[in-house]
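The values are calculated or read from the model by the stated rules, or taken from the named source; none is laboratory data. Keep in mind that what you see is a predicted model, and the values were worked out from it rather than measured. Please note: Cβ atoms are built from the backbone with ideal geometry, for glycine as well, and neighbour counts cover all protein chains shown. All accessible areas refer to the heavy atoms of the entire protein, side chains included, with ligands and DNA or RNA removed. Shrake-Rupley method; radii C 1.70, N 1.55, O 1.52, S 1.80 Å.
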Amino acid sequence: MHARLHSQIDLTGFRNEARDLLAHQVPPDQVHWETSSEPGSEADLFAPPAADAPRTARSIPRAATAIVPASFLRLCEVVVLHHEPQRFALLYRLLWRLVHEPTLRNDPIDPDMLQAQQMAQSVRRDMHKMKAFLRFRPVPDEEHPGELLHVAWFEPTHHIVEAVAPWFARRFANMRWAILTPERSVRWDGQQLLFGPGGSRADAPPADAGEALWLTYYRSIFNPARLKLQQMRKEMPVKYWDNLPESRLIGELSAQAPERSGSMIEEPARAPQRRIPRPVADTPAATLQRDGIGSLAQLKAATMRCRECPIGEFATQSVNGEGRLHAPLMLVGEQPGDQEDLQGQPFVGPAGKLLDRALEAVGVPRDAVFVSNAVKHFKFELRGKRRIHKTPTQREAAACLHWLEDEIALVRPRALVALGATAARSLMGHAVAVTAERGKWLERADGLKVLVTLHPSALLRVPPEERDAAFAAFVADLRKARRFLDEHA
Ligand code: URA
């Protein structure tokens with residue numbers, strides 16, 4: 001008996017066929033599964049999924065379907081994405097056996113079950129690799145003159161494009177992008193995902209200028225003494241290297257590694273670079289002129305494009321300051337967090353809630369101040385599905401400094417509040433011992449006063465029994481800013 005599916009990933013079709021076959025007691029070895037790969041099947045594949053009702057008039061005993069555990073349905077969702085042609089036969093055999101062999105669900109080493117689980121694992125790994133090793137390259141967007149389309153080429157092992165595309169849509173919601181693979185392509189126009197047939201590597205753009213900058217950075221951070229080629233190949237299989245600009249450097253850098261680590265050992269220790277270089281211009285007009293910035297909107301557009309350090313490549317969007325021009329007080333944090341990165345606004349996550357509470361306690365409404373960050377993109381490390389905050393390096397903060405100075409030049413606050421060490425260093429141009437200096441007013445070379453205090457997330461980390469006291473001390477610091485405002489009203 002032939003069971004026909006509309007596409008390589010036709011889960012709905014599989015479920016309907018399997019229910020039908022099961023209801024009619026058709027044993028697995030009598031079913032031949034066929035997937036359509038004809039071009040005409042495109043439309044069906046991306047039509048909204050059909051209702052789960054059986055497509056034939058044949059009635060299906062409820063008992064047969066109810067017996068399947070929910071975990072099996074979840075397994076099916078992943079295994080159908082595997083490239084193995086026999087996957088539907090395997091899943092139907094498992095379904096049949098789950099119904100006819102009640103002990104199967106408790107057998108941890110059943111070969112069919114193990115095979116399905118390994119296939120699911122391989123699909124999940126492929127999805128992870130696509131998220132980690134896909135690189136967009138900007139090209140002029142023909143449909144939107146003057147704007148950019150970000151295009152990436154990727155060769156997944158399994159049929160995962162449809163499954164991963166929503167993740168990219170959430171992650172890169174604010175840019176227009178397209179992903180080309182040999183089998184499928186997908187485009188995000190800012191509103192919806194549009195799927196189409198596959199492409200070829202030649203359809204994807206070549207390396208661009210931003211990439212040259214990234215390569216220079218990668219070269220500079222590459223530590224020859226920590227090179228572990230085997231581990232690197234395991235984490236980043238060679239098949240993905242073609243998509244990764246930095247992979248072109250691996251041969252060259254690993255060949256030089258013994259020599260470079262030798263000279264690193266011999267070199268006398270260098271004093272760490274402590275000062276963040278100040279932007280050259282010093283008046284607000286000159287600061288803005290240097291970057292060609294005339295408004296907060298222009299600043300936003302410029303930071304969105306910024307790739308002066310590698311953080312921007314991975315963040316969803318840049319997060320600039322928020323508030324009104326000429327707000328008397330500007331509060332500067334470190335960098336946007338996970339929530340800020342997704343929403344495009346500063347201090348809207350847990351640290352922001354705490355800051356709002358403290359501002360309320362000193363009687364300063366949030367919309368009376370301008371709130372921003374030293375670094376405009378979210379730096380994080382992926383742990384499973386979670387994006388964990390990573391402190392920006394001094395170089396990254398230094399690369400972002402001219403944007404912060406542009407913001408200060410546009411807003412023209414009367415005073416600044418540095419929330420934490422990164423902000424204090426950026427605003428003052430040198431390291432500030434925040435615990436010692438908190439609650440004190442420092443003065444910048446341009447005469448602007450900077451009140452130093454802790455970052456609100458530091459308060460979130462103190463043990464619960466010390467939280468009230470820490471919050472009270474934070475409020476006491478902010479009260480000094482409030483007093484400054486009153487005195488200079
Ligand atoms: N932490 C920051 O420094 N800034 C934000 O915007 C959010 C959290």
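Quick notes on this structure:
- Shown are 130, 175, whose ranking by accessible area with a 1.4 Å probe and every protein chain present, most to least, is 175, 130.
- Rounded to the nearest 10 degrees, the inclination of helix 11-23 to the longest alpha-carbon principal axis of the chain is 30 degrees.
- Sequence ranges 144-155, 461-472, ranked by mean other-Cβ count within 10 angstrom, highest first: 144-155, 461-472
- Packing-based ranking, highest mean first, of 26-35, 309-318 given that Cβ atoms within 10 Å are counted: 309-318, 26-35
- Residue 295 accessible area, assembled protein chains, probe 1.4 Å, Å²: 40 Å²
- The chain - percent of accessible surface contributed by carbon and sulfur, probe 1.4 Å: 54 percent
- Shape of the range 385-475, Cα gyration tensor, a/c cut at 1.5: oblate
- In the chain, helical runs assigned H by DSSP with n ≥ 4 each contribute -39500 (n - 2.57); averaged across all residues and rounded to the nearest 500, the mean residue ellipticity at 222 nm is -13500 deg cm²/dmol.
- Relative packing of peptides 326-338, 6-18, 95-107 - highest average C-beta neighbours within 10 Å first: 326-338, 6-18, 95-107
- Sites residue 170 and residue 487 - FRET efficiency at Förster radius 51 Å, r taken between beta-carbons, to 0.05: 0.65
- Angle in degrees between helix 296-305 and the longest Cα principal axis of the chain, rounded to the nearest 10: 50 degrees
- Between helix 111-133 and the chain there is an angle of about 30 degrees, using the helix long axis and the longest principal axis of the Cα atoms.
- For the range 284-487: rounded, prolate or oblate by the Cα gyration tensor [a/c cutoff 1.5]: oblate
- Measuring only protein heavy atoms, the 1.4 Å probe finds residue 131 accessible over about 60 Å².
- Alpha carbon convex hull of the chain, volume per residue in cubic angstrom: 212 Å³
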